[in-house]
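The values are calculated or read from the model by the stated rules, or taken from the named source; none is laboratory data. Since the structure is predicted, the reported quantities are computational estimates derived from the model, not experimental observations. Don't worry about glycine lacking a Cβ; one is built from the backbone with ideal geometry, like all the others, and counts go over all protein chains shown. Side chains included, ligands, DNA and RNA excluded: accessible areas come from the protein's heavy atoms. Shrake-Rupley method; radii C 1.70, N 1.55, O 1.52, S 1.80 Å.
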Amino acid sequence: MIARRRFVLTAAAGTVLPVAATASHVQVAVLIRQLVGDAKLAEGRVKLDLPVLVENGNTVGMTVSVDAPPGAVHSLHVYAEANPLPEVCHIRFGPRAGVPRIQTRIRLATSQTVTAIAQMHDGTFWQDSVELLVTLAACID
Amino acid sequence: MVRVLLNVPRQVRRNEPFDVKLLISHPMESGQRRDAVGLAIPRDIINLLVVTYGNEEVLRMDLFPAIAANPFLAFSMTAVASGTLSITFTDDHGVTQSETATVEVV
Amino acid sequence: MPTRGSARLPMKRSVSLGVAALLTMAAGDPGSGRAIVANRQVSACLLCHSGPIPDPHLQGNLAPALTGVGSRLTAAELRQRLTDPGKDSIMPSYAATAGLNRVGQPWVGKPVLTPTQIDDVVAFLSTLRAP
Amino acid sequence: MKRLLVLALLLTAAAGDIHSGYDDASPETRAMQDDDSANPGFLWVREGEAQWSGKACAACHGDARVSMRGVAARYPAYDAALNRPITLDQRIAQCRTERQHAEPFTPESDAALGLSAYIGLQSRGMPLQVSTDGPMRPFYETGRTLFNTRMGQLNLSCAQCHDERAGMKLAGAVIPQGHPNGYPEYRLEWQTMGSLTRRIRNCMVGVRAEPFPPDSAEMTALALFLAARAAGLKIETPAVRP
């Protein structure tokens with residue numbers, strides 16, 4: 001998917017605009033392949049929670065949880081394919097990790113698909129994706 | 001100096017998961033924006049966040065410009081003995097800052 | 001391609017209309033008009049109206065949908081709406097440079113759209129026929 | 001007659017339905033506001049708290065949780081010496097420069113927003129109740145006139161969106177009623193905290209109008225009218241909005 005909106009700069013003091021550039025589905029696929037290697041990537045176990053209709057792409061609450069006992073999850077990885085840079089975050093858990101569930105806030109440049117991958121200590125990889133629509137601010141300051 | 005809000009229960013039960021919430025005041029300037037006269041605003045983000053408890057690493061997070069301004073992180077952890085929870089983060093200039101909280105295991 | 005004869009010109013009603021807006025009556029380019037309508041920063045049309053343009057979730061509902069507007073209004077009527085919507089409408093005149101209050105520095109003396117852009121938008125809207 | 005009755009009912013419903021922008025926000029945004037340990041506005045509140053106790057504020061005013069309770073609900077308030085209303089932010093600035101003999105705050109700075117947020121928090125949950133009588137009346141009327149005046153290249157008034165079309169969608173965004181009960185507030189769009197003044201400027205730039213300067217008589221009159229128009233709404237400082 002490619003980003004569909006490119007805005008022309010109009011004069012408004014204080015306006016800050018994005019530099020035109022986005023990642024791609026292919027770029028995310030390459031990153032995921034590097035992460036997973038030859039292992040199988042399956043749907044399930046990991047759950048990515050994002051609003052389907054995003055109020056403002058600047059700050060989007062995200063929850064990633066894994067159906068697993070404490071200590072079973074090695075790491076979590078999140079990718080946003082239509083952001084300027086596709087990587088969102090990587091989180092590696094240590095031995096004191098509790099319930100495998102994290103919450104953070106992310107930026108989404110435009111409507112797109114976001115993917116989360118959980119890597120388990122048993123070597124398996126699990127993924128979940130959310131396709132969402134991003135609403136833009138009507139008035140920009 | 002960056003402001004940090006670290007929310008941890010003061011008392012927890014041994015080996016029972018508890019929630020930690022963290023807010024850091026930081027613009028997380030993505031490096032993808034231009035200012036009003038068209039100049040690129042340089043990237044300035046917190047790129048690494050490490051949570052330790054005693055001598056053990058609880059969580060290590062690599063952050064990218066897609067993490068929103070004033071980063072928020074909530075996670076769960078366990079403790080077997082009273083100790084100090086320490087959050088250490090590093091920005092693009094290599095500046096490191098820490099915030100700690102004590103946890104009593106009852 | 002819709003054409004406009006001078007016989008279909010609206011009567012001049014408002015002193016705030018730029019003379020140029022009335023003089024430029026060349027047939028507009030609907031492709032260019034579509035791009036102008038689709039660009040919120042240029043025309044602001046989709047802040048209030050919806051229309052047959054991608055991303056309906058980014059379109060407003062303060063004003064009638066543009067879908068089928070070419071069947072409801074003639075080119076002359078469309079031009080009139082754009083240039084002189086009247087005091088009872090919340091729509092701004094896209095041609096006016098006077099009769100406005102506290103216009104911001106970057107926009108002083110400038111209409112929302114140029115006469116050529118208005119021609120193009122009218123040409124595009126005229127193509128939006130009811131099914 | 002029946003039509004008139006329906007119209008009257010509609011008007012009554014419209015007048016009675018005064019609700020906070022909180023109610024128009026998404027569940028995610030409301031949740032962000034509801035949890036003090038997840039609400040980024042509290043980064044500023046803590047900054048303000050440190051200023052309050054570290055500087056001369058506490059020396060005169062004591063514990064803000066006592067002395068500042070309900071204060072934000074009464075502003076803009078009449079200043080007899082100036083013979084005009086002033087906003088809470090202007091009162092804080094006045095105290096800072098005239099009593100503390102400190103440098104004025106930079107508008108929208110973390111220091112200014114922090115102190116304002118900390119003081120505002122002390123009135124959280126209390127209903128907005130500003131005076132519009134006596135010497136306040138002409139300023140209130142000025143504010144009302146400004147609220148109803150079409151402005152800018154896009155020729156829109158505040159009322160056309162926030163009274164007449166609240167709840168409808170401007171682009172993809174629901175138009176809120178435009179109440180000032182959460183300031184200073186954290187806006188997702190700004191990715192930071194901001195004042196009511198900044199928000200009004202935001203709207204004015206949106207309609208391509210020349211914004212009222214932050215400390216102008218017009219801005220204060222408009223702030224007064226907005227506060228009076230929101231009478232009874234509970235203060236939510238620091239609110240979170242899209």
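Let a ≥ b ≥ c be the square roots of the eigenvalues of the Cα gyration tensor of the range D:46-151; is it rounded (a/c under 1.5), or, if not, prolate (a/b larger than b/c) or oblate?
Since a/c reaches 1.5 and a/b is larger than b/c, the shape of the range D:46-151 is classed as prolate.
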Rounded to the nearest 500, the 222 nm mean residue ellipticity computed for the protein assembly as shown from DSSP H runs (n ≥ 4, each -39500 (n - 2.57)) alone is -7500 deg cm²/dmol
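Where the eigenvalues come from the Cα gyration tensor of the protein assembly as shown, what are the semi-axes √(5λ) of the equivalent ellipsoid, largest first, in whole Å? Don't skip to the answer; put the middle values down first.
On the way: eigenvalues 406, 241, 83 Å².
So the three semi-axes of the protein assembly as shown are 45, 35, 20 Å.
What is the extension gain from B:Asp44 to B:His93, computed as 0.36 nm multiplied by their sequence separation minus the C-alpha to C-alpha distance, in nm to one decimal? Don't skip to the answer; put the middle values down first.
On the way: separation 49, 0.36 × 49 = 17.64 nm, distance 0.77 nm.
Roughly 16.9 nm would be gained on extension.
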Rank B:Lys21, A:Lys40 by accessible area, highest first, at a 1.4 Å probe radius? A:Lys40, B:Lys21
Cubic angstrom per residue, convex hull over Cα atoms of the range B:4-105: 83 Å³
Carbon-plus-sulfur fraction of the accessible area of the protein assembly as shown, 1.4 Å probe, in percent? 56 percent
In range of the label at B:Asn55: residues from the range B:65-94 whose backbone nitrogen is under 18 Å from the point 7 Å along Cα→Cβ: B:79-86
Which of D:Val174, D:Ala228, D:Phe147 sits farthest toward the positive end of the charge dipole of the range D:128-242, with +1 on the Cβ of Lys and Arg and -1 on the Cβ of Asp and Glu? D:Val174
Rounded if a/c is under 1.5, else prolate if a/b beats b/c, else oblate: with a ≥ b ≥ c from the C-alpha gyration tensor eigenvalues square-rooted, which is the range D:22-241? oblate
Please work out how much length the chain gains when fully extended from A:Thr113 to A:Asp49, using 0.36 nm per residue of separation minus the C-alpha to C-alpha distance, in nm with one decimal. 21.8 nm
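If we count every other residue with Cβ under 15 angstrom of C:Val112's Cβ, Lys/Arg +1 and Asp/Glu -1, where does the sum land? The partial results should precede the final answer.
Numbers: positive: C:Arg40, C:Arg79, C:Arg81, C:Lys110, D:Arg150, D:Arg208; negative: C:Asp84, C:Asp119, C:Asp120.
Charge balance near C:Val112 sits at +3.
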Number of Lys-Lys pairs in the protein assembly as shown under 24 Å by Cα, sequence gap 8 or more or different chains? 5
Of all DSSP beta bridges with both partners in the protein assembly as shown, the antiparallel percent, nearest 5, is 90 percent
Debye, to nearest 20: dipole size of the range B:4-105, +1 on Lys, Arg Cβ, -1 on Asp, Glu Cβ: 200 debye
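Computed FRET efficiency, Cβ-Cβ of D:Ser53 and C:Ala98, R0 60 Å: what is it to the nearest 0.05?
The computed FRET efficiency comes out at 0.60.
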Taking the Cα centre of each part, how many Å lie between the range A:36-103 and the range D:214-233? 44 Å
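Place a +1 charge on the Cβ of each Lys and Arg in the range A:25-134 and a -1 charge on the Cβ of each Asp and Glu, then give the dipole magnitude about the Cα centre in debye, rounded to the nearest 20.
That gives a dipole near 320 debye.
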Taking the Cα of D:Ala111, stepping 7 Å toward and past its beta carbon, and measuring to each backbone N in the range D:24-65: which are under 15 Å? D:47-57
Which whole-angstrom value gives the distance between the alpha carbon centres of the range B:45-94 and the range D:90-108? 37 Å
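Could you tell me whether the range A:25-134 comes out rounded, prolate or oblate from its Cα gyration tensor? Rule is a ≥ b ≥ c as square roots of the eigenvalues, rounded for a/c under 1.5, then prolate if a/b exceeds b/c, otherwise oblate.
Numbers: a/c = 2.08, a/b = 1.39, b/c = 1.50.
Here the range A:25-134 falls in the oblate category.
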Which residue, chosen from D:Met68, D:Leu82, D:Pro138, occupies the Cα position most advanced towards the positive end of the dipole of the range D:22-241, where the dipole is computed from +1 (Lys, Arg) and -1 (Asp, Glu) charges on Cβ about the Cα centre? D:Pro138
Compare each residue of the range D:16-57 in its chain alone against the assembly with all protein chains, and report those whose accessible area goes down by 40 Å² or more; 1.4 Å probe, heavy atoms. D:Glu28, D:Met32, D:Ser37, D:Ala38, D:Leu43
Whole-angstrom gap from the range D:126-168 to the range C:71-131, using each part's C-alpha centre: 27 Å
